[in-house]
1. Translational diffusion coefficient of the protein assembly as shown at 20 °C, 1.002 mPa s, Stokes-Einstein with Kirkwood Rh over Cα pairs, in µm²/s as a whole number.
2. Going through the cross-link list A:K71/A:K262; A:K197/A:K261; A:K48/A:K261, which pairs have a Cα-Cα distance over 27 Å in this structure?
3. What FRET efficiency would be calculated for the residue pair B:L210, B:I122, taking the C-beta separation as r and a Förster radius of 41 Å, to the nearest 0.05?
4. If you take every DSSP beta bridge fully contained in chain A, what fraction is antiparallel? Give it as a percent rounded to 5.
5. Of all alpha-carbon pairs in the range B:1-153, indicate the percentage at a distance above 21 angstrom.
6. So if I take the centroid of the Cα atoms in the range A:9-71 and the same for the range A:111-167, what is the distance between those two points in Å?
7. At q = 0.12, 0.14 Å⁻¹, what log₁₀ I(q)/I(0) does chain B have when each alpha carbon counts as one equal point scatterer in the Debye sum?
8. Hey, if you put +1 on the Cβ of every Lys and Arg and -1 on every Asp and Glu Cβ in the range B:6-245, which of B:I122, B:I110, B:C77 ends up farthest toward the positive end of that dipole?
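Since every read-out is calculated from the coordinates, none of them should be taken as a lab result. Predicted model only: the values in this text are computed from it and were never measured. Note that each Cβ is placed from the backbone with ideal geometry, even for glycine, and that neighbours are counted across all protein chains shown.
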Amino acid sequence: MANDANKVKTVAEVVQTIPDGAHIALGGFAINRCNIVVSHELIRQQKKDLTLSQGVVGLDTDLLVGAGLVKRCIMGGGSLDRFGPVHCINRARETQPGWSHDYSSLTICLKYLAGALGISFIPTKCLMSSEVLDRLEQFAPDDIRKMKCPFTGEEYLLLKALTPDICFVHVQVADREGNSQISGARWENEEQAKSGKRLVVVTEELVPTEYIQRNPERTIIPGHRVEAIIHQPFGAHPSACFDYYDYDADHLRLYVNHSKKKETFPDYVNKYILGTKDHWEYLDLVGGLKQMNEIRAEKLLGY
Amino acid sequence: MAAVRATEIMVAAASRELRDGEVVVVGIGLPLMACFLAKRTHAPRLISLSEIGVINSDAKDTPVGVADPRNFYRATCRSSFLDIMGLNLHRGIVDVGVLGALEADGFGNINTTLIKDEEGNIRYWNGSAGGNDTASLAKRVILIVRHDKRKLPKTLAHLTSPGFVQGRSREQLSLRGGGPSRLITDKAVIGFDPQTHQATLVSVHPEIELADVVESTGFELKIPGDVKVTALPTPEDLRLLREELDPNDLYLGRRKARS
């Protein structure tokens, strides 16, 4: 990608380029570094028939499913930790058999790894002799096979590679080229981000390249892989962003109070997403600077 | 001091199953409490792995889940699924997995995906996440599940993670890990017969009647001649659990006055 291209975009600009029916991979995990900015904008622009994939689904995917944008979920499991289950996703799983393709954390990660390596499948010893596998054989028969190793004869499950149309990942720090640094645990962020056809990072802070160069070993995603950078402080709210802010427990409880019933979920979407024009308005609505300061991470703790 | 809670007996019993120096993949909730308790008592060199990408979390505040940054605190390594679940667990170096579940059956298979009510209505929960990976690959697995007929049924509503499916050996099931070694409930500690893999009573918790254990188990439970009484948590176990590991009773439940 040319060095003089301005890669810093607004989320609205990026989401406008995503067609209905696209396969989107989101980088959140339960209540940590969820792609809230992206989910909100996808809902504002009312994208349709999306396929969503994620290792451990979280708030970002639950929002999209609850708002009716998703026709298929490919996932390893998930919840909102002690705040509750992913009610919207679970309702979809209850009412539409086969709607979700359920794997495990590692097998989703391996599917992304295969995509990121440019190979079409990857062997594993997970999922054998389980009903998880039975269901995949029923609902996703083209995505799995069994095979004996040609060298040892051992039986393996083969997982088809995942290659999303566009991947989003929320990071703490990126420069204008997209060199992105993640602090804290990073689950399948790297394999996922590098598996797709397009990659967009959402960053808490936009920093000069010279800052990246101080600790280049922390660069999980190098800039040449990144198509666009969206700069949005508190962009993962109400999920946590290690070293920047804690999850917003009050807002997560409020979310679950709406998400647990199909009838009350539209109230949440109408007020907090469709009722705000962008993430700045959303942040004002959920408590503004005062609330963001409440959840700001303590230096020693990182939360 | 308040009366000993059933959860405290479960956590202490599970922690005693963990040996010093072992590499342990741990799920959130009571499994995490058991692992932290072991590390602060008899197993200071135990290595705890959390699927999200954390090694040796030394949480100062009780995490609400694996994804809670409280679970990242004072870790000795922060990495990824691929590192923890791939390069450690799939590689075959993990000694123990400690898992909770919605249901467990008499061969140590567990369900973390969905529950079915009596009319057959299905309610989904979390799914596998790292559970299937851990149950498939760890050298042995400790399960922590509440004890009632519904949670310990003959047939699971969904077999998310395999133990000894239909009593078959792990080799026959094409699985590498050693399978479940203990099922710890709020009434008893249960093991698995080395030949038949059938659930076999090991010990009954203090003040619990054997008949109550049998009555509240949905699957067939083998009762050997020498059933022991589970040891209570030590005063130091209780102090650690109540003052340091779960002071707000997030996982251990409401405290009861001494009866």
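1. Using the Kirkwood radius from Cα pairs, D works out to 89 µm²/s.
2. A:K197/A:K261
3. Efficiency, rounded to the nearest 0.05: 0.75.
4. 35
5. In whole percent, the long-distance tail amounts to 45.
6. One Cα centre to the other: 25 Å.
7. -0.68, -0.94
8. Working it through, the farthest residue towards the positive pole turns out to be B:C77.
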